[in-house]
Amino acid sequence: MKKLLLTIIIIFGFSNATYAAEEGQFRFGAEIGWSPVELEAEDTAQSIANALGETVTTTYDTGVFVGRLFGEYGLSSNMAIEAGYFRTSSADAKYSAASGTASESYDVYGFDAALVLSSEGLFGKVGMHSSTVDGAANVTIGGTSYAATGSADGSGLLFGAGYEVDNTRYAITRYNDVGGIDTDVTYLSVGFLF
């Protein structure tokens, strides 16, 4: 992860054209990124196998896309406040056994606010988020299906860093304790400011 961020900084570090929100300026932006996820599907498959006494196979996602819309207001030439809305694609896992199937799916979304400090195109940010994790599960045994849904809400710390050039932003951002549970989302993104 550190090597990737260093590579991005080196590649784009030779450009003199950097832009940050100036004092009193308001800008909109959009980011798209990718975050690795750990659904612990192998452990779940083993638990199902132990309960059923039969072999269970599983397929599962190892990452999700993250989209974010945000606004930024310049407090000074090197300081801004930022607020946004973020949402992930669905993280899914599927399980199959001789006696039935099961699946689980999770989505994360929420709002964030951060203080952004910048210098020479490099920036760092720290703030808070309010987020929700929605989950859904389906189990089919002997032709009968059962469904369950759940949701967790909470807030946590966010921090990030990156590089901005020509109104294009390359960043890494981490949301701690999404949904108020012990789950984090860390994503690499590219963003465009308008």
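Could you grab me the full set of residues in the range 59-102 that are over 30 Å from residue 145 (Cα atoms) and not hydrophobic (A, V, I, L, M, F, W, C)? I'd like the intermediate steps shown before the answer.
As a first pass, look at the range 59-102 and keep what is over 30 Å from residue 145 (Cα atoms): 66-86.
The answer is 67, 68, 71, 72, 73, 74, 76, 77, 78, 82, 84, 85.
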Query - Complete set of residues in the range 182-194 that are in a loop (DSSP other than H, G, I, E, B) and open to solvent by 70 Å² or more (accessible area, probe 1.4 Å) - result: 182, 194
Requested in this report: Could you grab me the full set of residues in the range 40-61 that are open to solvent by less than 90 Å² (accessible area, probe 1.4 Å) and at positive phi?
Outcome: 53
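On the given criteria, is residue 91 among the aliphatic types (A, V, I, L, M), under 30 Å from residue 54 (Cα atoms) and either touching a residue at least 40 places away in the same chain (Cβ under 8 Å) or open to solvent by less than 70 Å² (accessible area, probe 1.4 Å) (or both)? Even if it seems obvious, please write down each step before you answer.
Numbers: among the aliphatic types (A, V, I, L, M): yes; under 30 Å from residue 54 (Cα atoms): yes; either touching a residue at least 40 places away in the same chain (Cβ under 8 Å) or open to solvent by less than 70 Å² (accessible area, probe 1.4 Å) (or both): yes.
Against the criterion (among the aliphatic types (A, V, I, L, M), under 30 Å from residue 54 (Cα atoms) and either touching a residue at least 40 places away in the same chain (Cβ under 8 Å) or open to solvent by less than 70 Å² (accessible area, probe 1.4 Å) (or both)), residue 91 qualifies.
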Report summary line: Note on the range 131-150: residues open to solvent by 70 Å² or more (accessible area, probe 1.4 Å) and either under 17 Å from the mean Cα position of the chain (by Cα) or among the aliphatic types (A, V, I, L, M) (or both) are 141, 147
Query raised in the report: Within the range 152-169, which residues are in contact with a Lys or Arg (Cβ under 7 Å, 6 or more places away or on another chain) and either open to solvent by 70 Å² or more (accessible area, probe 1.4 Å) or part of a loop (DSSP other than H, G, I, E, B) (or both)?
Result: 159
Report summary line: How many residues of the range 166-184 are modelled with pLDDT under 95 and touching a Phe, Trp or Tyr at 6+ places or on another chain (Cβ under 8 Å)? The answer is 3
Requested in this report: State whether the residues of the range 55-66 include one that is farther than 28 Å from residue 189 by Cβ, of a type in the set (A, V, I, L, M) and either assigned to a loop (DSSP other than H, G, I, E, B) or out of contact with any Pro (no Cβ under 7 Å at 6 or more places or on another chain) (or both).
Outcome: yes
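The values are calculated or read from the model by the stated rules, or taken from the named source; none is laboratory data. Please read these numbers as outputs of a predicted model, since none were measured by experiment. Neighbour counts are summed over all protein chains in view; Cβ atoms, including those assigned to glycine, are modelled from backbone coordinates with ideal geometry. Side chains included, ligands, DNA and RNA excluded: accessible areas come from the protein's heavy atoms. Shrake-Rupley method; radii C 1.70, N 1.55, O 1.52, S 1.80 Å.
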